[in-house]
Amino acid sequence: MAQSTVVTTTGTGHAAAVQIEPEYRTKIRTYVTEHKVRPVETREKIVVGQPVPREVELEAVPADWGPSLTKYRYVYSGERVMLVDPSTRTVVQEID
């Protein structure tokens, strides 16, 4: 069986990938650099489709990242920003 990444939402009955416009990707990378966000250290690699370990604190998404992203939280790990669904702690998008 081939591995694939599936993004699902709970309770809404539909699955959708998170769409992030290029200008917002740039804002996110700039934010992480300017605010000197510290990357989290975990034993397991944080990847799309998998839950973030319970000991990792999820950060609120700033409003200037775009209105469609404020319902998510984020984790900065390994030079990547990972968007997380706070209800399931599942990574829904990687922003590199």
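Every number in this text was worked out from the coordinates using simple rules, so none of it is lab data. Owing to the predicted nature of the structure, the values given are computational and were not obtained by experimental measurement. Note: ideal-geometry Cβ built from the backbone for every residue, glycine included; neighbour counts use all protein chains shown.
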Linear extension gain, Ala60 paired with Glu79, 0.36 nm per residue minus alpha-carbon span
5.0 nm
Using a cut-off of under 18 Å, list every residue of the stretch 49-82 whose amide N is near the label point 7 Å from the Cα of Arg38 along the Cα-to-beta-carbon line.
53-60, 74-82
Say a paramagnetic label sat at a point 7 Å from the Cα of Thr88, along Cα to Cβ; which residues of the stretch 44-73 have their backbone N under 11 Å from it?
49-51
